[in-house]
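This report concerns only the one structure given below.
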Amino acid sequence: MNKFLNLAIIPARGGSKRIPRKNLKSFLGKPIIAYSIEAAIKSNLFKEVMVSTDDAEIADITIKYGAKVPFMRSNETSDDFATLAEVVEEVKKYYILRNEIYTNICCILPTAPLITIDNLKEGFNLLIQKNADSVRPVARYSYPVQRAFRLINNKTEFIYPEYRTTRTQDLEPTFHDAGQFYWMKFDPGLNGSKRLGFEIPQMLVQDLDTLEDWLMAEVKYKIHNKLI
């Protein structure tokens with residue numbers, strides 16, 4: 001692995017609707033963004049670990065934990081409607097203008113305390129070995145989505161009635177984005193068509209949209225790291 005070809009981008013804007021100041025909220029004693037920064041640095045995969053942010057406090061915390069904030073994010077990529085791909089493209093333009101060329105990028109989400117160095121390395125190896133445009137970790141749905149219901153006025157209705165009598169063990173497994181990181185070639189970034197994924201355990205995956213989610217992530221972290 002040649003770390004000098006890889007750039008880590010951690011996108012962390014200041015706004016958050018569901019959990020205020022989520023990217024800086026304390027997770028077991030330190031700002032949650034610190035876990036993403038530390039994993040990226042400790043992996044020894046990257047020449048540079050940078051945070052794309054529009055927030056001065058996030059910038060200060062970023063520098064404290066060893067990453068860089070080479071520029072402040074624009075207004076266009078800081079609102080509720082900006083996509084991750086747009087944030088990545090803005091960062092790419094910054095480095096291209098300075099003639100700092102990278103072969104690969106890993107976009108690491110700032111709210112990924114269950115991220116592991118081993119999974120970062122597995123994703124990178126898959127990107128290289130399979131010549132993929134991008135690679136992401138995925139997790140298996142714990143219950144078959146083919147047996148999902150609608151609930152209308154307390155009445156249950158199968159969304160996929162053709163599977164109502166199929167044994168659950170006979171249904172095809174389905175997966176969802178783990179929401180941790182995205183490896184990609186510098187060009188085309190997240191816009192490439194050859195997108196691969198690799199499975200990681202549910203114990204290392206947790207959405208963080210509610211305070212209940214947050215508590216569950218802390219429990220999973222403690223179990224995984226043998227703190228309980």
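Please treat every number below as a calculation from the coordinates, not as lab data. Being a predicted model, the structure only gives us computed values, none of them experimental. Ideal geometry is used to build each Cβ from the backbone, glycine not excepted, and the neighbour counts take in all protein chains shown.
Tell me, what is the Rg over Rh of the stretch 146-228, with Rh the Kirkwood radius over Cα pairs? Could the numbers behind the result be given before it?
Details: Rg = 18.1 Å, Rh = 16.8 Å.
A ratio of 1.08.
What does the convex hull of the alpha-carbon atoms of the stretch 1-136 project to on average, in nm²?
On the way: hull surface 32.6 nm².
Computing the convex hull of the Cα atoms and averaging its projections yields 8.1 nm².
I'd like the orientation of helix 84-97 relative to the chain: the angle between its Cα long axis and the longest Cα principal axis, in ° from 0 to 90, rounded to 10.
In the chain, helix 84-97 runs at an angle near 20 degrees to the longest axis.
Against the longest principal axis of the chain, how steep is helix 117-129, in degrees 0 to 90 to the nearest 10, with axes from Cα atoms?
90 degrees
Mind giving me the FRET efficiency for Ala56 and Thr210? R0 is 25 Å, r the Cβ-Cβ distance, nearest 0.05 is fine. Please list the in-between numbers first.
Details: r = 27 Å, r/R0 = 1.09.
E(calc), rounded to 0.05, equals 0.40.
Quick one: net charge around Ala217, please, counting Lys, Arg +1 and Asp, Glu -1 for every other residue with C-beta under 13 Å from its C-beta.
Here the count lands on -1.
Which net charge results when you count Lys and Arg as +1 and Asp and Glu as -1 among the other residues whose beta-carbon is under 12 Å from that of Gly66?
Working: positive: Lys42, Lys64, Lys68; negative: Glu38, Glu48.
The answer is +1.
Where does helix 33-43 land angle-wise versus the long Cα axis of the chain, in degrees 0 to 90, nearest 10?
Helix 33-43 and the main axis of the chain meet at about 70 degrees.
So, how do all the Cα-to-Cα distances of the stretch 105-201 break down into 10 Å bins, in percent, from 0 on up?
For the stretch 105-201, the pair-distance distribution reads 15, 34, 24, 21, 6, 0.
For the stretch 1-99, give me the percentage of DSSP beta bridges that are antiparallel, rounded to the nearest 5 percent.
20 percent
Using Cα-Cα distances under 8 Å and only pairs 6 or more residues apart, what relative contact order does the stretch 37-195 have, in percent?
Details: 199 pairs, mean separation 40.8, N = 159.
The value is 26 percent.
Please state, as a whole number in µm²/s, the translational diffusion coefficient that the Stokes-Einstein equation yields for the stretch 10-89 at 4 °C and 1.567 mPa s, with Rh defined as the Kirkwood radius across alpha carbon pairs. List each step's numbers first, then the result.
Numbers: Rh = 13.0 Å.
Rounded to a whole number, D works out at 100 µm²/s.
If you rank Ile58, Ile101, Ile128 by fewest surrounding Cβ atoms within 10 Å, what's the result? Before the final figure, lay out the partial values.
Values: Ile58 24, Ile101 10, Ile128 16.
Ascending Cβ contact count within 10 Å gives the list Ile101, Ile128, Ile58.
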